[in-house]
Structure formats: structure tokens, C-alpha cells
1. Hey, any idea what the orientation-averaged projected area of the convex hull of segment 119-254's Cα atoms comes to, in nm²?
2. If you split all Cα-Cα distances of segment 255-358 into 5 Å bins from zero, what percentages do you get per bin, shortest first?
3. Can you list residues whose amide H is under 5 Å from Thr158's amide H, if they're 5+ apart or on another chain and H is modeled 1.01 Å from N?
4. Dividing the alpha-carbon Rg of the chain by 2.2 N^0.38 Å yields what?
5. Sort Met198, Met1, Met41 by Cβ crowding within 10 Å, fewest neighbours at the top.
6. Anything in the chain that counts as a DSSP H helix reaching 27 Å or more along its axis (C-alpha) with Kyte-Doolittle mean of at least 1.6? List them, would you?
7. Ranking Met242, Met225 by Cβ neighbours within 10 Å, fewest first, what do you get?
8. Which lysines have a Cα less than 17 Å from the Cα of Lys30, not counting those fewer than 8 places away in the same chain?
Amino acid sequence: MKKRIVLLPGDGIGREVIYSTKVILNVIAKRFHYTFEFIEMPIGGEAIDQYNIPLPEVTLEACQTADAVLLGAVGGPKWDSLPAPIRPEKGLLEIRKKLGLFANLRPVKSFSALLHASPLKEKFIKDSDLLIVRELTGGLYFGKPSERRNNDKAVVDTLYYERYEMERIVEKAFQFARSRKKHLTSVDKANVLESSKMWREIVKEKSKAYPDVTVEHMYVDAASMKLITNPSSFDVIVTENMFGDILSDEASVLTGSLGMLPSASIRSDSFGLYEPVHGSAPDIAGKGIANPLGMILSAALMLRFSFGLEMEATIIEKAVNHTLLDGYHTPDLHIENGRIVSTDELVARIADKVEEEV
Ligand code: NAI
Ligand code: MG
């Protein structure tokens, strides 16, 4: 197997976690005789310094011909005073849109070594293993009009969806549910919103093709409560853009640390863009202490979703889990009787575990 992977390190700890991840992918490639070709391109602040824009054409072109993209993080104080259209973060919105990535996936799984790292009680979060499938290109964040009216006496935002946009995300979610625990929770506000009524109709229509998947419809307010009181009752959650934005951040507290969380943005073919949920962490950049696990787990998602390498993805996830159970962690985490190590040492330990898992 030969794959072209574009690396977009970006800024701050984005660079550190990308290079850590490359180490782990090289271990996988060597062991299974795969060829991963890495092409590094600029995005965010780094791109602004070189090209005066956060997403240069060369970067976009490289992504368009790649099998998958790994993105670190962008932004930092150096670029904070720039106007919005040329800020580093603009590069992120643009790249997702231009690559047509309409589904954002946030798996949330509690690691046994970190159960007490969450502010939530252990008994609530134990056994939680869920996947949030969020629509990424439509809804309230993109609908027009979105403007002030009558000299600021009024304001309007628009929640707009085309039927096909809802259909394709719901279809994706059913496919994921089928490959997991076969339970899909569709989250909406169908008691109030017309868009949600149509969403619900579409979920009902689609469910006919997935008789093996049980479907539950839940209002977003109820879902947000249940997510922290009974997270293990969920398998796959599918929802529109804004509800998904809020629920996925809420769900992130289940795992205890921002540095642990992976994400994927995908479309109908196998291509995807994989990135940790955290930002460029300027406060710790360059110190060699960044937690690389969110990025490494994002690479595991790439193996699973873009390359169909389920076993190899699981090997990485197990290696991470076992390294944490051995007590090794970066300073952002807390493990009882654990040992704080640098990014590089943690990566070396995970690499060893990957070899052992194999
Ligand atoms: P942040 O996620 O960069 O950092 C928040 C806090 O968590 C900091 O104290 C940081 O040290 C810590 N942290 C985050 N990731 C960590 C990791 N892997 N290991 C150890 N500690 C970690 O969010 P913040 O501070 O709001 O933003 C910093 C910059 O990053 C800003 O320029 C922001 O715009 C950008 N940003 C970029 C994102 C992206 O590229 N996807 C997402 C969020 C923010
Ligand atoms: Mg958010």
C-alpha cells in the first residue's frame, strides 16, 4: 500500500505534534511494509509569513492530490493583530470548505488511565465510547442573510439547509453506526424548528435502509444533559452544524484533557483531513512538553477512515492506552503515581508499544 499524506504542521505546538505523529506512522509503515509519502506544506501563520495568506494555492493543490491530510494547529500572538480575512484561523475554515469536507467526526472515548482526570465522576464516564457526527458546511454558520437591520434595532441569522446536505450526513452516520454498536441518536429541535422537522423526516426515510441500526430521536437540550449524566448510553450521534459544535465541546470534558482529543473531517470518498481538537498552545510552544496524543490519535483515525486500516488504527490506540497505564504522560495530564516525560520521550515509549502490539 502506498499513500500520499500531506502534513500541515502550522504554528506553535502544531509542528511538534505533527513530527511526533510522523514517527509513529513510520513505525507502522515499516512493520507492515506500507509506503507513506509525506509532503509538508505551510498553512496558518507560517503561510502568512511566506505568502501573505493563510491558505496558499500550493498548499491547497497538494491537499487535492493527496490521500489524506494531517493538520497540526494554527495561530499565535504574532498574527493576532491581523484583520480577520488574513488571520491564520481563516486558513482552517477555507481548507475544510474548499476540500468539500462536510462531516466532522469527534470520537470520545475515556482512557482507563485517565478516568479521574475528568471533572465528572468516574462512574458516569466509565465505558463511554461515542462518536459525534457533525454537519460542517451548512446551517446557521453559513446561511444568508446574516446581518444587522434598522440601525442595529434588529438582527438576523439564517439556518439554511439543502435537502442533499442533510441526506449525505445522515447517510454517513448510519454507515458509522452500522460499523459500531448499531445505535444512532439523531439530535434536533423538531418541536420548534422547521429545519429540524425535515431533518427528522430524512433520518426516518434513511433508517429504512438500515434495519439493523436502532434509531433514537432526541431534542438537543435533552441530549446535552444526557451526554454528561449517561454518556455510555450513546453510540453514534448525528446532528446539524451548530448543535454539533456545542455538543462536541461538551463531550470533550469526558476525556479530561484537550490535548487528548482527535478529530476527522471527511466527505463521500475516502479522503479526509485529520487534526487534534486543541490549538497551537503558544504558552508551551517550543518547550518540548506538548501532549502529542490528540494528533497521534487523529492519525489513527486517518488509518481507519481513509485507508481502511482498522487493525493498525487499533494498534496505535492500544499503544497510547498502555503507555498511559504505565504512567507516562506530558505535564498537562495527571496520573496517580505517574511520571511526567517530554513529548519526545512519550513518543519513543508509544513507538515501543506499537512494536509490541504488533
Ligand atoms: P489552545 O488549545 O492552543 O490552548 C489552550 C490551553 O490548553 C493552553 O494552556 C495550552 O497550553 C493547553 N494545551 C492545548 N493543547 C495542548 C497539548 N497538546 N498539550 C499540552 N497542553 C495543551 O487554545 P487557545 O490558547 O485558546 O489558542 C491558542 C492559539 O491557537 C490561538 O491563536 C487560537 O486561535 C489557535 N487555535 C487554533 C486551533 C486550530 O488550529 N485548530 C483551535 C483552537 C485555537
Ligand atoms: Mg467549537
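We did not get these values from a lab; they are worked out from the coordinates using the rules stated. These figures come from a predicted structure and were not determined experimentally. Every residue, glycine among them, receives a Cβ derived from its backbone with ideal geometry; neighbour counts consider all protein chains shown.
1. Working: hull surface 36.8 nm².
For the Cα atoms of segment 119-254, the hull's average projected area reads 9.2 nm².
2. 3, 13, 21, 24, 19, 12, 6, 2, 0, 0
3. Under 5 Å from the amide H of Thr158: Gly143.
4. Numbers: Rg = 20.3 Å, N = 358, 2.2 N^0.38 = 20.6 Å.
Here the answer is 0.99, to two decimals.
5. The fewest-first ordering by Cβ neighbours comes to Met1, Met198, Met41.
6. Details: long enough: 13-32 (29 Å, 0.60).
None clear 27 Å together with a mean of 1.6.
7. Working: Met242 16, Met225 13.
So the ranking, lowest neighbour count to highest, is Met225, Met242.
8. Lys2, Lys3, Lys22, Lys353
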